[in-house]
Amino acid sequence: MELDSALTIPPTPPRNLFPLTWVNLSGNLILAYQSLGVVYGDLSTSPLYVYTSTLIRNLEDHQNEEAIFGACSLIFWTLTLIPLCKYVFILLAADDNGEGGTFALYSLLCRHANFSLLPNQQASDEELSAYRYGPSTHSNVSLLKRFLEKQKRPRTGLLIVVLFGASMVIGDGVLTSAIAVMSSLPGLQYSGKKLTKGALLLLACVILISLFALQHIGTHKVAFMFAPIVMLWLISIFCVGLYNIIHWNPKVVSAIYPYYIIKFFRETGRDGWISLGGILLSITGTEAMYADLGHFTAVSIRLAFVFAIYPCLVVQYMGQAAFLSRNLHSIPNSFFESIPDPVFWPIFVVATLSAVVGSQATITATFSVIKQCQALGCFPRVKIVHTSKHIYGQIYIPEINWMLMILTLSITIGFQDTTLIGNAYGLATATLMFITTFLVALVITFVWQKSIWISGMFLLFFGIIEGAYLSAALMKVPQGGWVPLVLSFIFMMIMYIWHYGMRLKYNFDMHNKVPLQWLLGLGPSLGIVRVPGIGLIYTELATGIPAIFSHFVTNLPAFHKVLVFICVKSVPVPYVSSDERFVVGRVCPRPYRMYRCIVRYGYKDIQRDDGDFENQLIQSLAEFIHMEAGEPEFCSSEGSFDGRMMVTRLSSIQSGSTIIATEIEDCSESSSVQSSKSSVLLSLHSVYDDENPPVRKQHIRFHLPANRIMDSAIQEELMDLIVAKEAGFAYIMGHSYVKARRSSSCFKKFVIDVGYTFLRKNCRGPSIDLNIPHINLIEVGMIYYV
């Protein structure tokens with residue numbers, strides 16, 4: 001059976017405005033242009049501070065031409081191996097249906113191996129089409145997979161690593177804005193009127209406040225505003241770099257030979273190793289290429305990097321090295337002093353604007369990570385504003401935006417030094433890259449189903465390179481490197497406490513479900529009056545009856561004729577199509593009129609508040625009743641029932657096995673029921689008075705094949721469903737309080753009674769998050785002792 005309705009169901013919005021193919025080249029070129037203003041702003045502005053951070057304080061005794069050529073060679077090969085080889089050619093292929101970031105990798109692993117600890121991410125009730133990988137063909141991989149699935153500690157460790165990586169992304173969002181803006185302002189010191197340090201600081205704060213105030217207009221508009229600036233910036237640094245190479249020292253081109261790296265470490269020793277923390281700043285913002293993948297496409301991001309970002313950065317770094325090799329005294333302000341005088345002010349203005357744009361990449365990535373964390377139950381509920389009708393990933397989170405602004409201003413005012421901020425930024429970048437490499441190695445094994453030796457080689461090669469940078473960055477923890485560690489620890493604790501509290505609450509519900517025999521013993525009336533209407537009981541359980549339902553039955557004098565247990569479930573895929581969103585089944589035999597509906601959303605899906613959810617739910621229930629009638633072995637009898645569930649597909653609305661039609665007519669007929677071998681017409685109408693009182697008649701037609709006669713019990717059930725819909729909906733939720741048991745440890749009491757309670761009271765309520773109308777909401781209080 002298929003369900004149809006005259007009530008228009010909006011088609012599933014496209015996951016991306018353009019498909020990930022070369023066919024739509026024009027669309028990908030437009031997205032590549034936009035990505036310059038969102039993804040690459042941070043990476044493209046790194047020449048402002050890389051040489052200064054590398055050569056000052058670390059290599060003061062080795063400031064010569066050989067050291068500068070060695071630093072240039074390190075920068076070239078770092079850009080080539082990590083952003084180009086690892087991210088562009090490998091990591092962008094590890095997308096989760098078009099989404100990127102640490103949580104996208106984690107969701108891939110959870111979907112293809114049972115690594116998840118999240119209650120709503122356990123095995124899906126019905127297989128989704130997005131679960132497109134089969135079992136592993138390598139025996140050693142299968143053995144490792146089974147071992148990790150059975151051990152809770154490795155899975156817990158994996159979740160902690162992912163949360164730490166997500167926290168580092170948030171820390172990046174704070175530090176990027178601070179260092180990008182602070183590094184662009186020293187150029188004012190070359191003007192005729194030199195500004196004081198306090199005036200520069202005030203100007204930086206004004207620019208930062210303006211940047212965060214612009215976020216509410218959305219990524220799409222920001223991209224079109226910022227992309228021309230970055231494009232102009234790339235042309236400027238390319239031209240200046242090319243001029244410096246030709247004018248000062250053309251021999252700098254030979255720095256691409258790795259020989260200069262060996263010579264660099266031979267001469268500088270330990271100081272050269274510590275200076276890797278400065279070299280690392282040349283690839284800050286690289287993670288945004290992957291984290292912001294949902295805003296664009298892999299093809300567009302590759303196009304922008306290979307044909308614009310990479311060549312312009314290489315030429316600029318070589319040009320700066322050529323200039324410094326002949327002007328060693330200019331190292332403290334290498335970028336601005338390397339600009340030829342005739343074009344200094346135009347490039348200074350573009351540099352300042354580009355530094356502001358550079359902050360956009362990590363701010364956007366932070367929004368994406370928070371959305372994914374919240375959907376997967378690892379972050380308190382916050383308001384998420386979707387700023388684009390065409391591209392799902394473009395979002396804005398007001399609370400996170402203003403929190404980032406406050407933290408960024410605090411860092412800027414507190415440090416007032418780009419070198420110290422750079423130390424913090426480098427550590428955050430190195431840690432995040434190392435975590436990403438580890439997760440990708442697991443994806444190669446368990447998702448791509450490659451040999452464990454291939455993933456081992458990937459982990460070893462990039463792990464050694466990034467491990468060297470990470471070890472150098474850790475040496476700078478006392479000089480500002482502690483900042484990302486503190487920020488990440490705070491955010492990770494928020495995520496883990498929220499996840500821990502939610503998991504304990506879910507486990508309480510699982511172990512205190514209402515026995516089905518008790519419910520069956522009450523009879524179809526449940527021992528109370530059943531009144532017309534549909535009661536939607538929200539629960540986190542995908543199976544069984546929650547304990548809070550017994551409170552409803554024992555404390556309410558009447559209950560609705562039709563009851564539906566709604567479980568809104570986040571599954572580890574970015575998007576769930578409308579065809580697979582609703583999974584419907586019975587809770588009790590047919591006379592009870594009690595159903596269960598699992599509503600599945602991906603971690604990038606939008607839970608719309610357009611009022612169409614109720615219509616889709618009724619259509620799904622009606623379709624389920626027909627589907628059940630068409631399978632005798634599935635069909636429930638009066639006294640027993642099969643608890644299996646079915647996926648109801650809304651895309652079959654136009655193909656016509658069942659039609660729910662709504663019409664407005666002038667009539668005064670009463671309700672009627674007509675039936676025949678081939679169809680059944682249930683006609684209801686409701687009259688309302690106004691100055692021109694029309695009569696609203698709703699015709700519900702369920703069309704069946706001509707060779708089937710509708711059973712009277714099915715006809716009665718459909719009639720009850722329509723009558724209940726006309727009577728209205730009530731939304732029933734538990735207003736729960738989670739408290740630790742008296743026998744719990746002091747630590748657990750602090751985490752639950754203080755930490756989790758504080759987060760629950762200060763986040764968005766579940767009814768607001770689920771777009772439930774307040775006027776129809778019924779809440780019943782319950783205390784969970786966990």
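The values are calculated or read from the model by the stated rules, or taken from the named source; none is laboratory data. Quantities reported herein were computed from a predicted structural model and do not represent experimental measurements. A quick note on method: Cβ atoms are made from the backbone with ideal geometry, for glycine too, and the neighbour counts reach across all protein chains shown. What goes into the accessible areas is simple: the full protein's heavy atoms, side chains included, and nothing from ligands, DNA or RNA. Shrake-Rupley method; radii C 1.70, N 1.55, O 1.52, S 1.80 Å.
When a/c is below 1.5 the answer is rounded, else prolate if a/b is larger than b/c, else oblate, so apply that to segment 232-346 with a ≥ b ≥ c taken from the square roots of the Cα gyration tensor eigenvalues. Verdict is oblate for segment 232-346.
Remark: segment 719-729, residue by residue, has Karplus-estimated 3J(HN,Hα) of 4, 4, 5, 5, 4, 5, 5, 5, 6, x, 10 Hz, where x stands for each Gly or Pro and the curve is 6.51 cos²θ - 1.76 cosθ + 1.60 at θ = phi - 60°. For a label point 7 Å from the Cα of ILE160 along Cα→C-beta, name the residues of segment 348-380 whose backbone N is under 15 Å from it. The answer is none.
Within segment 476-490, which residues have the backbone N less than 19 Å from the label spot 7 Å out from PHE750 along Cα→beta-carbon, could you tell me? Answer for segment 476-490: 486-490. Ordered by solvent-accessible area of protein heavy atoms (1.4 Å probe), largest first, the residues LYS749, LYS86 come out as LYS749, LYS86. Each label was represented as a point 7 Å from its Cα along the Cα-to-Cβ direction; for HIS216 and ILE452 these points are 5.4 nm apart. Annotation for LEU81 and ASN333: the two label points, set 7 Å from Cα along the Cα-Cβ direction, are 3.5 nm apart. Peptides 291-298, 31-38 ranked from most to least packed give 291-298, 31-38, packing being the mean of other C-beta atoms within 10 angstrom over each peptide's residues.
Net charge around ILE421, counting only other residues with Cβ within less than 13 Å of its Cβ (Lys, Arg = +1; Asp, Glu = -1)? Local charge sum for ILE421: -1. Spin-label model, LEU232/ALA727: points 7 Å from Cα along the beta carbon direction are separated by 6.6 nm. Ranked by the mean number of other Cβ atoms within 10 Å of their residues, highest first, the peptides 544-551, 511-518 come out as 544-551, 511-518.
Across the accessible surface of segment 376-449, with the other protein chains kept in place and a 1.4 Å probe, carbon and sulfur atoms take up 67 percent. Net length available on complete extension from ARG266 to ASP417 is 51.3 nm, with 0.36 nm assigned per residue and the Cα-Cα distance removed.
For the set LYS371/LYS505; LYS450/LYS569; LYS383/LYS505; LYS561/LYS761; LYS476/LYS761, the pairs lying more than 27 angstrom apart at their alpha carbons are LYS450/LYS569; LYS561/LYS761; LYS476/LYS761. Here r is the Cβ-Cβ distance between VAL780 and ASP579 and R0 is 35 Å; the resulting FRET efficiency, rounded to 0.05, is 0.55. Taking only alpha carbon atoms, segment 507-625 gives an Rg to Rh ratio of 0.98, where Rh is the Kirkwood radius. A full extension of the chain between SER525 and ARG381 corresponds to an added length of 48.1 nm, given 0.36 nm per residue minus the alpha carbon distance.
Please work out whether segment 234-286 counts as rounded, prolate or oblate from its C-alpha gyration tensor, where a ≥ b ≥ c are the square roots of the eigenvalues and a/c under 1.5 means rounded, while otherwise a/b larger than b/c means prolate and anything else oblate? In terms of gyration-tensor shape, oblate.
Taking a probe of 1.4 angstrom, what is the accessible area of LYS739 in Å², to the nearest 10? Number for this one is 90 Å².
Shape call for segment 295-388 from the C-alpha gyration tensor, a ≥ b ≥ c root eigenvalues: rounded (a/c under 1.5), prolate (a/b greater than b/c) or oblate? Prolate is the answer for segment 295-388, as a/c is 1.5 or above and a/b outweighs b/c.
Given their separation in residues at 0.36 nm each and the Cα-Cα distance between them, TYR737 and GLN517 gain 76.4 nm when the chain is fully extended. One quarter of the convex hull surface built on the alpha carbon atoms of segment 726-786 amounts to 4.9 nm², the projected area averaged over directions. Amide H contacts of ARG530 (H built 1.01 Å from N, in plane; Pro and chain starts excluded): PHE559 sit under 5 Å, all sequence-distant by 5 or more or on other chains. In terms of the mean number of neighbouring beta-carbon atoms within 10 Å, the peptides 98-106, 764-772 order highest first as 98-106, 764-772. What's the local net charge at MET289, with K and R +1, D and E -1, over the other residues with C-beta under 14 Å away? Result for the local shell: -4.
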